[in-house]
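Participant: Here it is, the structure, as C-alpha cells.
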Amino acid sequence: MGLVIFYAVVAIEALERLFEVVLSKRNHKRLTARVGIVLEHPIHWVVVFSHIIWLAAVPLEVFFFNRIFNPVLASICLAILVFAMALRYWAVTTLGDRWNIRIITLPGEKRITNGPYRWFRHPNYIAVFAEHFALPLLHSAWFSAFVLGTIGSLIILAKIKYEDAALSNQQFDVKTETIVANEP
C-alpha cells in the first residue's frame, strides 16, 4: 500500500511541475507584452535539469534499492508536502501573472509584499526546499533526500541571488559574480 501512495504522490508532483511550466509560459507571454525584462541566465536551465534528475531519481532509488516504507515518517513527509504545496500556490496566486519559473521583472512596478510575501521574501522557494527533502523521505529514499535535496537547494539559493539582484533593479555581472547598480 505504501508504494502505491508514494508513486501516486511522485506522479502528482511531476504533473504539478508540468502545470507550472505551462502556467509559466503563459505568464512569460503576458509579462513580455507588458515590457517585462527577462534575465537570461544559465541558472534557469541548471534548475530545470536538477529538478528533472531529482524527480526521476527519487522513485528509481525506492524501486532499485527496495527502500522501506515507514508510516510515521511518511505521514510527517506527506504533511510537509501538503503544506509546501499550499504555500507554493498561495505564492503563485498572490503573484498572479507575475509568477514565473524564469526571472522576469516589470520596470516601474513595485515588489509584491502581500500574501505570503508579507512574511517571506521567497515563499515559493521555501516550498521547493521542503519538497526536496520530504518527497524522497516519503518512502525512505535517503540518498535522494540528502544528496540531491542538498544539491537542489544550493542551486535554488544561487538562483535567489540572481532573482534578488533583478528585483532590486540591479544587474548581476556573470563574469565577475558581482552585483552592479543600474545607472539612473
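Read-outs: derived from the displayed coordinates by stated rules, not from any lab. Not measured: the values here are computed from a predicted model. Quick reminder, even Gly has a Cβ in these numbers, built from the backbone with ideal geometry, and neighbours come from all protein chains shown.
Participant: Run through segment 1-38 and list the trypsin sites (Lys or Arg not before Pro) located in a DSSP loop whose Cβ has at most 15 other Cβ atoms within 10 Å.
Facilitator: On the way: sites: 17, 25, 26, 29, 30, 34; in loops: 34.
In loop regions of segment 1-38 (DSSP not H, G, I, E or B), the sparsely surrounded trypsin sites (Lys or Arg not before Pro) are 34.
Participant: How would you rank 28, 51, going from fewest to most other Cβ atoms within 10 Å of each one's own Cβ? Present the calculation step by step, with values, prior to reporting the outcome.
Facilitator: Numbers: 28 17, 51 22.
If I rank by nearby Cβ atoms, fewest first, I get 28, 51.
Participant: Same structure again: Under a point-charge model restricted to the Cβ atoms of Lys and Arg (+1) and Asp and Glu (-1), what is the dipole moment magnitude of the chain relative to its Cα centre, in debye to the nearest 20? Mind showing how you got there, number by number?
Facilitator: Numbers: 17 positive and 13 negative charges, 91 e Å.
Dipole about the Cα centre, nearest 20: 440 debye.
Participant: Which length gain, in nm to one decimal place, applies between residue 19 and residue 78 when the Cα-Cα distance is subtracted from 0.36 nm times their residue separation?
Facilitator: The residue 19-residue 78 span can extend by a further 19.2 nm.
Participant: I've got another one for you. Output the relative contact order of segment 75-172, whole-number percent, from Cα pairs under 8 angstrom with separation of 6+ residues.
Facilitator: On the way: 77 pairs, mean separation 32.4, N = 98.
Once normalised by length, the contact order is 33 percent.
Participant: Over the C-alpha atoms of the chain, what are the Rg and the largest Cα-to-Cα span, Dmax, in Å?
Facilitator: For the chain, the Cα radius of gyration and maximum Cα-Cα distance read 17.7, 61 Å.
Participant: Still on this structure: Please state the relative contact order of segment 1-124 as a whole percent: Cα pairs under 8 Å, 6+ residues apart? Before the final figure, lay out the partial values.
Facilitator: Values: 71 pairs, mean separation 52.6, N = 124.
That works out to 42 percent.
Participant: Run a plain Debye calculation on segment 6-98 (Cα atoms as equal point scatterers, no solvent) and give log10 I(q)/I(0) at q = 0.18 Å⁻¹, rounded to two decimals, same order as the q list.
Facilitator: Values, matching the q order: -1.01.
Participant: Among the complete DSSP H segments of the chain, which ones combine at least 24 Å of alpha-carbon extent along their axis with a mean Kyte-Doolittle hydropathy of 0.5 or more? Display every interim value, and only then the final one.
Facilitator: On the way: long enough: 2-33 (46 Å, 0.63); 43-64 (30 Å, 1.82); 71-95 (36 Å, 1.85); 149-167 (26 Å, 0.86).
Membrane-span-like by this criterion, though nothing is claimed about a membrane: 2-33, 43-64, 71-95, 149-167.
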